[in-house]
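Q: A single structure is presented below for examination.
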Amino acid sequence: MQACDESLERHAVALLRYSPWIAPPILVPLGPKRGASVLPLTKSGFAVGGFPTSLIKGKSLVIPRYRKEFGVNDRSNKKASAWNSRRIAGERQR
């Protein structure tokens with residue numbers, strides 16, 4: 001048990017104190033051109049419509065960022081895309 005504690009101390013990272021958002025951002029895209037958002041520009045948040053939402057998130061839905069973060073490469077994306085296309089085609093035939 002003592003070895004475990006020493007290992008944790010050796011690898012400990014100083015964490016910043018948590019402080020919550022005053023007004024957390026909320027983005028709800030409805031396709032690439034529509035949606036609504038509440039942005040933390042004022043104390044209670046500032047509501048905006050489809051155009052700003054699409055500029056922030058709507059075109060790519062921030063998917064490229066998450067692909068990079070999770071280490072998903074283009075090759076696996078093509079496989080997933082092909083699988084999804086076959087699945088959708090199968091549903092249409094029913």
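Q: Which residues does the label zone of ALA36 cover in the stretch 51-72, counting backbone N under 15 Å from a point 7 Å along Cα→Cβ?
A: 51-54
Q: Which order do peptides 16-29, 36-49 fall in by mean Cβ count within 10 Å, highest first?
A: Result, highest mean Cβ count within 10 Å first: 36-49, 16-29.
Q: At a Förster radius of 41 Å, what calculated FRET efficiency corresponds to the Cβ-Cβ distance of LEU16 and ASN73, to the nearest 0.05?
A: 0.80
Q: What is the stretch 10-64's relative contact order, in percent, from Cα pairs under 8 angstrom and six or more apart in sequence?
A: Once divided by the residue count of the stretch 10-64, the mean separation gives 31 percent.
Quick note: the coordinates plus some simple rules give every number you see, no bench work behind them. Quick caveat: nothing in here was measured; it's all calculated off a predicted structure. Cβ sites come from the backbone with ideal geometry, for glycine too, and all protein chains shown count toward neighbours.
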